[in-house]
Structures are given as structure tokens and as C-alpha cells.
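Readers should treat all values here as calculations from the given coordinates under stated rules, not as data from a laboratory. As the structure is a prediction and not an experimental result, all values here were calculated from the model. Here the Cβ positions follow ideal geometry from the backbone for every residue, glycine too, while neighbour counts run over all protein chains shown.
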């Protein structure tokens with residue numbers, strides 16, 4: 001019998017479970033999908049290779065998932081609390097009819113478990129599809145071969161998800177039983193009539209709070225833009241964080257009261273229609289829940305910044321990985337001697353590298369240095385240098401100088417057309433954004449340049465952008481001077497680069513094994529690198545950070561919108577009687593629905609507007625600081641965060657409005673009957 005009641009109750013109250021079901025579904029889907037990336041064969045292989053960043057990322061994701069599970073548990077309990085409050089009157093009726101507390105608990109627990117079962121099944125299905133997109137995202141982020149992608153289903157992730165959410169539901173069940181056993185019959189029957197007080201301050205305290213808010217914003221803005229607020233060896237970061245939290249709380253509290261007081265004085269507008277009801281509802285709820293609004297605003301700010309910066313970093317690396325790592329294998333020789341293609345090839349073969357089996361094409365480029373020629377000679381303004389370059393003292397470093405014929409070898413290996421250089425001229429190649437704009441401004445002046453005592457004129461008005469060695473993302477070539485061959489015929493190079501491209505489909509494992517055996521001599525001036533090693537060591541580090549940022553950001557976003565939605569549903573449930581009173585006073589249903597829509601729009605909109613303003617004000621400074629520390633230039637992926645906000649934020653907003661409108665409509669229909 002109780003089984004039938006449970007099924008009928010779930011079917012009858014399925015709309016009440018909408019937000020709860022959506023929250024569970026998204027939580028399960030995200031949890032499963034992020035934990036399933038190690039089921040992808042290419043990622044699994046990367047985990048097993050020595051030094052792979054995937055070997056760091058996957059354990060980190062699984063460890064972080066435990067923390068995420070705790071956050072989701074609190075969120076699900078919060079959502080469940082709304083359902084319990086919504087159903088208290090019904091449970092009170094069961095109590096009047098003689099049902100024991102134990103059986104009522106069993107009834108409600110059965111409903112919770114049933115809807116949880118449906119949401120987990122649906123969440124696993126959605127998560128399986130979502131995990132494919134995340135796997136593709138991870139493969140591209142870590143610069144692996146996308147052609148190796150396979151559609152997979154992770155049994156291990158399924159088990160972890162089921163265990164995790166089984167524990168969460170067990171906690172929810174205990175919470176429900178405890179709550180039902182403690183509540184009194186009178187509380188159940190009158191739960192729908194209890195409301196918060198609508199006291200709104202009318203004195204000068206609101207204006208004092210607003211003035212204090214502006215003062216705090218001024219101080220925080222000064223510290224943020226004029227001081228090194230990211231220096232965690234000082235108290236500045238914590239002072240700014242505390243100031244933002246306090247200012248946000250004061251802003252939400254004071255603005256809601258001030259707006260009410262100002263609008264109340266505009267009698268003609270305030271007394272028109274049900275504007276007075278709308279304004280007082282919004283002001284009262286914002287003041288009552290200003291703490292929630294503050295927390296959500298700050299969490300949304302964190303979400304926008306974390307996801308936008310993380311995806312921006314990943315997108316920048318994806319664009320740079322192929323462009324700035326055009327060769328599969330390079331050997332750096334820091335010995336002061338001229339190296340040649342065939343001679344270098346034979347020397348490397350004698351060392352045990354299987355070049356015949358591995359390489360399709362290869363070449364050597366010799367690099368020269370003129371002690372009288374540093375980067376300061378081709379930089380337009382040293383003060384405009386990227387912060388990272390100031391710290392690395394780039395301006396005082398010697399510029400690489402290469403011959404046009406050897407430079408052409410390097411770019412021909414990349415499938416590019418060779419360049420031409422007239423006698424007595426030079427060109428500049430640059431692949432590093434930190435110096436590119438600065439050098440281009442100097443190059444635009446078309447000034448001559450003295451190289452090894454010979455004055456050369458610019459051979460072009462545009463910088464070239466070809467990489468000829470493997471290096472960290474965004475830092476491949478801060479500037480190389482390309483000169484005629486005859487200028488370097490009698491000079492001794494400072495270093496050389498042997499570069500090679502693998503044959504199509506070649507498995508580099510034996511090549512890397514042979515190469516690793518040559519890397520044991522710490523006194524050797526010869527260094528060996530492959531594209532895979534560079535990607536793992538450099539891109540992998542940033543990719544781990546970007547991936548974790550996206551994971552945390554999505555979870556924070558789910559928490560934010562779910563809390564806003566549940567808060568609004570709870571308040572609408574509390575205010576059903578007020579909307580019924582409006583109906584009795586002759587207010588049309590369409591007008592009531594419009595008022596409800598505007599109320600929810602404000603409630604959802606205020607935290608989002610505050611978060612966007614904070615993000616716009618703070619993100620450029622944060623990007624600049626991160627770039628300076630990493631030596632990597634990237635932009636915030638604004639388009640991605642907008643899409644995510646529209647999908648997740650918009651879905652919760654729409655579902656919240658429809659659920660709130662249905663609550664009022666059902667109560668109206670019941671009263672009419």
C-alpha cells in the first residue's frame with residue numbers, strides 16, 4: 001500500500017520535484033563526466049607514460065571530487081528542505097488521520113529515494129554524453145592526437161558516482177527522518193502561513209550604509225589597481241577580500257531599502273496598479289536574504305572568473321601548441337661550432353637514435369650572437385615590456401641571428417614558402433606576444449640595424465611568425481634577426497638546432513627510449529626534446545590548472561543557481577496567500593504572473609549583475625598578474641562563460657518561474673473549488 005502511495009505522490013507532485021530533479025541530474029552528470037575522462041584510451045595511455053601531467057590531473061580530479069561531493073550533499077539537503085517544507089501540510093493531514101511518524105518518515109523517504117533513482121539514471125545518461133565532450137576538450141587541451149578519440153563508458157566512474165550519491169541520499173534520509181520526528185503537528189498545518197517580517201529601515205542608516213559601501217569600494221579599488229594586491233606575503237589580499245564581502249552585503253541591504261524609500265515618495269507611480277506590492281516584496285526579501293544574495297554574488301564572481309580564465313588559458317594553448325611546436329624532435333647543441341645537416345644526422349645515428357626509421361625530413365639551423373646587439377636595440381619602449389620580460393631582464397639578452405638559407409630550411413619543414421632577402425637587408429621573426437607588438441613598433445620606423453659591424457636596412461615592413469625550435473607556449477621566439485648568408489660565413493655560431501619531423505604514423509616510443517638513454521650526462525651541452533615532452537611538461541602544467549578551474553567553476557555555478565531557485569520557490573510558497581488576496585481584490589491573473597516574473601528576474605538578476613561588474617573590474621588585473629607569473633599570454637574566454645550562463649542560469653530561471661507560477665495557480669484553483 002505504501003509503495004502505491006509513494007508512486008502516486010511522486011506522480012502527483014512531479015512538478016514540485018522539478019528543481020530538485022534538475023539539481024540532482026546536473027550534479028550527477030557533472031560528477032560522472034569529469035571522473036570518466038581517464039576511460040579515454042589516449043588519456044589512459046598518457047597516464048601510464050613517465051612524467052605525464054595526466055598522471056597528476058586524474059588523481060587530482062578524483063581527490064577534488066570528494067570535496068565536490070560534500071558541497072553537492074549540502075546543496076541536495078538544501079533542496080530537500082524546500083520539498084519538506086512544501087509538503088508539511090500534507091504530512092500534517094497524514095498525522096491527523098493517524099499515521100505514525102515512522103510511517104510518515106518511510107513515506108517521504110520512499111519518495112525521495114524514488115525521485116533520486118530517476119535523477120541518477122537520467123544524470124548518468126546525460127553525463128555519459130557530456131563526458132565525451134569533456135574528453136575531446138581534454139585531448140585538445142593537452143595537445144594529444146584527436147583522431148585517437150573513442151566513445152567510451154566508464155564503469156569505474158559509474159561505481160564512484162553511485163557510491164557517492166548513495167551516501168548523499170543516506171544523509172538526506174537521516175535528515176528527513178530527524179526533521180519529521182521533531183516537527184509538531186501545529187507547525188505542519190500552519191507552515192504555509194508563516195512568513196518573515198517585512199520590516200524595512202526608513203532612517204538614515206541606509207544612507208550611512210551606502211556611503212560606507214562607496215568608501216570601501218574606493219579603498220579596495222585603490223589597493224587593487226595601485227598596489228600589489230596579489231602579494232600573499234602581505235595582508236593586502238585578505239583585506240581586499242574582506243572589504244569586497246562587507247561592501248557587497250552592505251550594498252544589497254542598503255540599495256533595496258533606499259529604492260523602496262525613494263519609490264514610496266513617488267506616489268503617482270508607487271500607488272499605480274500593484275507596484276507597491278511588487279516593490280515591497282522585492283525590498284523585503286532582499287533585506288531578509290541579503291546574506292544569501294551576498295554569498296551567491298561572490299560565488300558567481302568566482303565562477304565567471306575561474307571558468308573564463310581557465311577556458312581562455314586552454315584555448316590559447318590549443319592555438320599555440322601546433323603553431324609554436326612545429327617539429328616532432330629537436331636537438332639543441334650549445335657547443336660553439338657550425339653544424340651541418342648530414343654531419344649532424346650521422347652523429348646522432350652513432351649515438352643510437354633510430355633516425356632512419358623515425359624521421360621523414362630534417363634540417364639544421366645555426367644560431368649566432370653579437371655581443372653588441374641585444375633586444376633593447378629593437379624594442380620600441382622598454383617601459384611597455386611585458387612584466388614577465390622585465391623580471392627575466394629580456395632587454396639585455398643577446399638576439400639570435402640566423403642566415404636566411406637555414407631559416408628557410410626550418411620553415412620549409414613546416415610546409416611554408418621560403419622567404420627572399422636582398423643583399424644589405426634584414427628581417428625579423430617573432431612568435432612571442434610579450435615582445436611582438438613592441439618590436440613591431442620599432443620595425444615600423446624602418447631604422448637600420450648594425451649586425452657584426454655591417455649596417456643593414458629593413459627588408460620588409462611586417463614581422464615574420466615562424467618557430468624554429470620547441471619552447472613553452474607563447475614563449476617560442478622573442479625575436480630573431482635573419483640576415484644574408486655571406487654575413488655569417490666567417491662567424492662561429494653560439495648554438496645550433498637539429499629539427500626533424502616523424503614519418504606519418506610513426507610510434508615514437510623506441511625513439512624516446514633511445515633519447516632518454518642520452519639524457520643522463522648532466523655535463524653535456526646537448527639537449528634532446530620531442531614535441532610530446534614539451535607538451536607534457538609545459539602545456540600539461542597549464543592544462544591541469546585550466547581543467548581544474550573549469551570543474552570547480554561549473555560546480556560553483558550549479559550551487560549558485562540552485563540556491564537562488566530554491567530560495568525563490570520557498571518564498572513563493574510562503575507568499576501564496578498574499579497572491580490569493582490580490583486575486584480577491586480583483587487583480588487579474590496576467591498581472592499577478594507579470595509581477596511574479598519581475599520579482600524573480602530581480603532576484604536572479606541582482607547577483608548576476610554584481611558578479612559581472614566585479615568580474616569586468618577585476619579580471620584584467622588578474623589576467624595580467626597570472627600572465628606575468630607564467631610568461632603566457634591568454635585572454636578570458638568570454639563567449640564560453642556567456643553560453644554556460646545562458647544554458648544553466650537561464651534553465652534554472654525559467655524552471656523557477658514556471659514552478660512558482662504553478663504554485664500560485666494551484667492554490668487559486670483550490671480556493672475556487
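Just to verify a number: FRET efficiency for residue 67 and residue 170, C-beta to C-beta distance, R0 = 30 Å, to 0.05? Rounded to the nearest 0.05, the efficiency is 0.95. Within the range 329-507, antiparallel bridges make up roughly 75 percent of the DSSP beta bridges whose residues both belong there.
So, by mean Cβ neighbours within 10 angstrom, what's the order for 31-41, 261-271 with the highest one leading?
Values: 31-41: 23.0, 261-271: 12.4.
So the peptides 31-41, 261-271, ranked by packing, come out 31-41, 261-271.
For the range 554-600 and the range 357-404, what is the centre-to-centre distance using only Cα atoms, to the nearest Å? Measuring centre to centre over Cα atoms gives 63 Å. The fewest-to-most ranking of 297, 276 by surrounding Cβ atoms within 10 Å reads 276, 297.
Between residue 276 and residue 489, what FRET efficiency follows from the Cβ-Cβ distance if R0 is 56 Å, with the result rounded to 0.05? Numbers along the way, then the final one.
Working: r = 90 Å, r/R0 = 1.61.
For R0 = 56 Å, the calculated efficiency reads 0.05.
Between residue 99 and residue 461, the modelled label-to-label distance comes to 8.3 nm, taking each label 7 Å out from Cα in the direction of the beta carbon. Note on residue 235 and residue 441: their simple-model spin labels are 3.9 nm apart, each label 7 Å out from Cα toward Cβ. Label separation (residue 214 vs residue 179): 4.3 nm, computed from points 7 Å beyond Cα along the C-beta direction. Quick check: the distance between the Cα centres of the range 268-306 and the range 248-262, to the nearest angstrom? Between the Cα centre of the range 268-306 and that of the range 248-262, the gap is 9 Å. Across the range 329-507, the relative contact order, built from alpha-carbon pairs under 8 Å that are at least six residues apart, equals 38 percent. Per-residue packing, averaged as other Cβ atoms within 10 Å, sorts the ranges 58-66, 394-402, 564-572 into the order 564-572, 394-402, 58-66, beginning with the highest.
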